[in-house]
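First the structure, in the form of structure tokens, and then the observations on it.
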């Protein structure tokens, strides 16, 4: 009589989301690598500290993607058919690089907020939320690595995970809100069109800087409760490392876009038929004077924008 094959556990809602998060991390890593190459190619005048920060973030994001892939490979290949501790496999290296990238990118963004506000409030918010994230990470890892999982340990691990995500969301929402509020106020009070356009582009960057990472944290909190006993929340929790890394590089590479490009100028006398029409001496003289003034204004405006670009590169 043929023996019945052993029944394999359903891993669709456990290993499946972690596999998706691993694939997402590699997609974001590819985008990050492309952005890093563009950064080092076009922003060579940045301070050595900023170039080192980009290199450290890229290295940590690479380590995060590799370790996460190794964890899911362990679960799907070496431990195939056996129920494994997914938290143990995930925390065995994935969490430390992610928390470091999160704090580094948040520190960079809060530093920009501090430069605009010149207040201790942004620094205080960053320090408090960073300490909360580190403490929750230590509690989470300590509880996960314990051999005997008591109810108290499981409760502390669960609460630390919620508090960590809440601290991340609070820091990101606060950072984006403060930047956007200040820039929008400047946008409303600026009468110069070029300056207002630049500030509006900065507002758009500020909104996107902390909004997406905060939304990922909120969605991870919701999915950790509904549906229960699933790992769908891991897609938004584990994959946030690449979001932070790409946010940093997008802000650095987007500085020329924010400042604007003055190379394109408009003229009333660029069409062929207008140039072919004969001009009277009086009209031609005034038109030439007007075009000369327009060219001088364009040169002056271009020098102003180039100086703004240089200040963007040297200040950050």
| said: Can you list residue pairs whose Cβ atoms sit under 8 Å apart, with the first residue in the range 218-235 being free of Cβ contacts under 8 Å to residues at least 60 places away in the same chain and at positive phi and the second being surrounded by fewer than 17 Cβ atoms within 10 Å (Cβ to Cβ) and not in a loop (DSSP other than H, G, I, E, B)? Count only pairs 6 or more apart in sequence or on different chains. | reply: none
| First in the range 197-214 and farther than 19 Å from residue 171 by Cα, second anywhere and modelled with pLDDT under 70 and not in a helix (DSSP H, G or I), Cβ under 7 Å, 6 or more apart | 197/260; 198/260
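Table: residues versus (1) over 17 Å from residue 238 (Cβ atoms); (2) touching a strand residue (DSSP E or B) at 6+ places or on another chain (Cβ under 7 Å); (3) modelled with pLDDT of 90 or more; (4) part of a helix (DSSP H, G or I).
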{"residue": "53", "(1), (2), (3), (4)": "yes, no, yes, yes"}
{"residue": "73", "(1), (2), (3), (4)": "no, no, no, yes"}
{"residue": "130", "(1), (2), (3), (4)": "yes, no, yes, yes"}
{"residue": "133", "(1), (2), (3), (4)": "no, no, yes, yes"}
{"residue": "141", "(1), (2), (3), (4)": "no, no, no, yes"}
| Does at least one position in the range 180-196 carry a residue that is buried (at least 23 other Cβ atoms within 10 Å of the Cβ), more than 15 Å from the chain's Cα centre (by Cα), in contact (Cβ under 8 Å) with a residue 24 or more places away in the chain and at negative phi? | no
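The values are calculated or read from the model by the stated rules, or taken from the named source; none is laboratory data. Everything quoted here is computed from the prediction, not taken from an experiment. When we count neighbours, we look across all protein chains shown, and the Cβ atoms used for this are built from the backbone with ideal geometry, even at glycine.
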